[in-house]
Structures are given as C-alpha cells and as structure tokens.
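The values are calculated or read from the model by the stated rules, or taken from the named source; none is laboratory data. Note that the structure is predicted; figures quoted are calculated from it, not measured. Neighbour counts run over all protein chains shown; Cβ positions are idealised from the backbone, glycine included.
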Amino acid sequence: MVFSSHIFLFYFLPVALGVYYLSPRRLRHLALTLVSYVFYGWANPYFVLLMFGSTVFSYCCGMIIARGFRGWRQEAPPLERGGPRTRQQRWALAAAVACSLFVLGVFKYFNFAIENYNGLLAALGLGHLQWDNFLRITLPLGISFYTFHCISYVVDVYRGDAKVVRNFIDFTCYISMYPQLVAGPIIRYREIAYQLQGKAYTFEKFSRGVAFLSLGMAKKILLANACGKIADTCFNAGAVAPLDAWYGMFAYTFQIYFDFSGYSDMAIGLGLMLGFVFPKNFDSPYLSQSITEFWRRWHQSLSFFLRDYLYLPLGGNRKGARRTYVNLALVMLLGGLWHGAAWNFVIWGGIHGAMLAFERTQGKQSLYQRAPRLVRTALTFLIVCFAWVFFRAPDLPSAVAYLRSLFGVGAAQEGMYLIRGLIYQPYYLLWMCAAVVVIWGFPQTWDFTRRLTWGKAAWCLALLLISILVLTTQSYNPFIYFIF
C-alpha cells in the first residue's frame, strides 16, 4: 500500500485515524501498532512475521543490555556513557546487531551474492562448480528501514544515549509505525522516546500534518510521476540522442528528489496527525555547493545514521588523514550497497565517497570553491546528476551506454529520435519547468508549514485536490525507495 493511492487516502487513513483517536489514551499505541501491521502486511502478510521476530529479538537484547537476565521487572536508568560494560552486555549487543544484519543480508543480498559467485566461476572456467539454485528470495518492503531502527535502538541503549523501553507495546509501536515504516525517515529511538511517554495533541499540529501530507502528495503525483515518465522513456530506450539523454538525466534527478522528499513530507505529516514530530529529512539538497554539503541536506536521517553508527565506530577522523579518507569511502560504498544489491549502486556510492574524501583534503571545500556561488551550485548539481545515472540504470553496461549517449559517442540506432514525440509533450514540459521552479525557487515544506495562514491552508488544499484528480487518471505511480 502506498500513500499516494485511493485505498490509502479514502479507506485506510480514515479508519486508522478513527481507531487511533477513538481508543483510550493508554491503548493508542496498541491501536497504532495493529493498524501499522495491517498496513505492512497488505502486500504480503508473511512479511509481518519477519518484522515481529526482529522486533522481539531487539527488545529482548535491549532489556539484557540495560538490566540483565534477572532485572526485567525493575526500573533502570540509562547506562553510564563511556562506562564499563559486562561480557553479557557486549554479547547482547553483538547478537542484536548480528541478527539484524544477517536478516538484512539474507533477504537483500542472497540473490546478488549467488549471481556474482556464479559469474566469477564462469569467468574462471569453473562453470561446473556453479550453484544451480532455484530459490529466489523476495525482498520484504522496508526491511532496511526497520532493521536500522532496531540497530539504532540497541546501540543507543548500550552507549547510554537512550533509556531502555520497558513497555513492549511502545517499542513495537516505534518499530512498526506506518508513516515511517517502509521508506523512512530513519528515526532513532532517542529522538522519539519522550513522545512515546507523552505527547500533545493539538489542532495546530494536526493542521500542519495535513499541510505536509498535501504538499508531499503534490510533489509525488504532479512532479515526481511526470518526471519519472520522461526518465523511464529515456533510460529504457535502446539508444538516445545527446539532447534527449541530458533531458532524461535531469528528469530522473528531479524524479528521485520529489519522489523521496514527497514521501518524507507525507510521512512527517502523518506523524504529526498522530501527535508525533519526526525530524526533517531534506533541506534543499540541489542548492548545495559541494558534495559534503549535499550529504548534509539529502536524506539527512540516513546521513546521520551512517555517521553515528558506521563512520564514527570505524574511527571517523580520529585516526589520521589517510584513515579518514578510507572511512569516508568505505561508508559511502556500503551506503551505495544498502540502496541496492547491484554494482551500479556500489559505483554510485564510490563516486560520492571519492568526492567526500577529496573535499576533506581541501578542508571540506570543493575543488571549485573559488568559483562564484552559482557556478559552485551548478557543478555540484552536475556531479550529482552523473552519479544518478548509475543509480537509475538497470545494470552497469546500461549506465556506461547512457553516459556515452550524453556526450554523443553512443551508437546511433534507427528510430532513436522517435521518443521525442513522447518526452517533449507540453504536459511533461510544463511539469519539468515547474520542478525547476520548485527546487530552486520555493521554500522547503518544513519552513513553509512552520506557520500556517488561511492563504497557505487554501494553497495546500488546492494542491491536494488537484493531486487526487490527477491520481485518478494516472496508471504510472511508482515509489523509488520502496525497493530499498
């Protein structure tokens, strides 16, 4: 089930809000957990069992870390930061993290590992040793996100950054909360712990949530889908002319931003409608003047997660310059692999990791730091665009072929200009221009909704109604980050 669908907007959401607010306050987290499990199990009910198993194991490990085997019924303050830890606590942490990573690795990378293993043996002339495996594992929706939530919880409890949660329903609600369940943002337990204990329900908060939902819907339905149709046409064509290749690359650059930031806006809005305040996830990333700045603005919850739970444990910048560059590159390579089990994503992560490491040598400044601001922004945007080609292309040869098309060195094919009749239609040109205006001329949803006026409310309502009307005519409505 996706947010931008009639079944969610007109059936699930009203029922979910009704069940939540009609429940007694002490039962609202249980009600939210149940509707979230219905939401998650809509596509495949068996995936609910996997998420519940991960939730139970992480909860138990957190209790062992904080209280030990015999102290589950006792209240316990957060562990002392930097203090000594027992062997039992270390083993509980290791078991929780290893189990979460094992589940993620099996479901996300099993097929990828088998394909590369067989490919390597074939290249070495050892085809008879290939594993002829008929089993193909289906990737559960959102497994990366709820796995990261489980990991961040046990690590924060172990570090003393968060107090262990005693109420199992509260913890299950945190892991399964449907606004952020399948595509983030990645919310660390310590960011929401106090809200699980008590939160304010106000008309202003609910109204801002509706505004977030409306603007997120408009980003997704009006902008992301239109740009995505152009991008799909160009990337799926056998060959494209240079002008069309650039047009398609920019279209995908706009699509992935509006698709993911639109989803994040809807998730934040739904959270506000339930009384929860989630952190900002995007901050005008295409205004960045360096790749370092880009990663402070793009998918902020992932950037902070990678920094706190991977980069810093690897040593961060505390072990010398060379180790810092290696850590940056390694984190981004793993970040690329997290996005997808394919070498395209590894290369995408490698490009960003190399740029981050290089900018670190310049004092976190770009090579073109002395250029005018507009030039710095344009060059950073182009680097991001070229990297997106690897992110979007179905495989590595396709990505290389598309890059060749950008510079007119690809092989020409008969009929390659026919797609122009599809991608340069007035409807698509209109929304491409609108995307440019919104990206570089409009404030972020977070800032726009900070103080709602009647004029802003009317604008949000109009966009919501237009989005719903357009939704009824569209059959093209993918969510890019659902596959991660």
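Residues checked against (1) of a type in the set (S, T, N, Q); (2) out of contact with any Asp or Glu (no Cβ under 7 Å at 6 or more places or on another chain); (3) farther than 22 Å from Val155 by Cα:
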| site | (1), (2), (3) |
| --- | --- |
| Gly275 | no, yes, yes |
| Ser284 | yes, yes, yes |
| Arg297 | no, no, yes |
| Leu310 | no, yes, no |
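Among the numbered conditions (1) surrounded by fewer than 24 Cβ atoms within 10 Å (Cβ to Cβ); (2) under 15 Å from Met177 (Cα atoms), tell me where Phe282 comes up short.
For Phe282, the failing item is (2).
Only residues that are of a type in the set (D, E, K, R) and surrounded by 12 or more Cβ atoms within 10 Å (Cβ to Cβ): list them for segment 451-470, please.
Lys456 - this is the single residue of segment 451-470 that is of a type in the set (D, E, K, R) and surrounded by 12 or more Cβ atoms within 10 Å (Cβ to Cβ).
Please go through segment 306-322 and pick out each residue that is modelled with pLDDT under 85 and either of a type in the set (A, V, I, L, M, F, W, C) or touching a Gly at 6+ places or on another chain (Cβ under 7 Å) (or both).
Hit for segment 306-322 is Ala321, nothing else.
Output the number of residues of segment 455-481 satisfying the condition of being of a type outside the set (Gly, Ala, Ser) and at pLDDT below 90.
Residues in segment 455-481 being of a type outside the set (Gly, Ala, Ser) and at pLDDT below 90: 10 in total.
Only one residue in Phe381, Phe391 is touching a residue at least 60 places away in the same chain (Cβ under 8 Å), closer than 30 Å to Phe112 by Cα and within 28 Å of the chain's Cα centre (by Cα). Which one?
Residue meeting the stated conditions: Phe391.
Is it the case, given these coordinates, that Gly53 is in a loop (DSSP other than H, G, I, E, B), more than 30 Å from Ile221 (Cβ to Cβ) and not aliphatic (A, V, I, L, M)?
Answer is no for this residue.
Considering only residues that are touching a Gly at 6+ places or on another chain (Cβ under 7 Å) and of a type in the set (Gly, Ala, Ser), look in segment 323-349 and name the one that is farthest from Leu139 (Cα to Cα).
Of everything passing the filter in segment 323-349, Ala329 is farthest from Leu139 (Cα to Cα).
For segment 243-285, how many residues meet the condition of being part of a helix (DSSP H, G or I) and either of a type in the set (Gly, Ala, Ser) or more than 17 Å from the chain's Cα centre (by Cα) (or both)?
The total comes to 17.
Listed residues Arg81, Arg85, Arg28; which is basic (Lys, Arg), in contact with a Gly (Cβ under 9 Å, 6 or more places away or on another chain) and assigned to a loop (DSSP other than H, G, I, E, B)?
None of the other options fit; the residue is Arg81.
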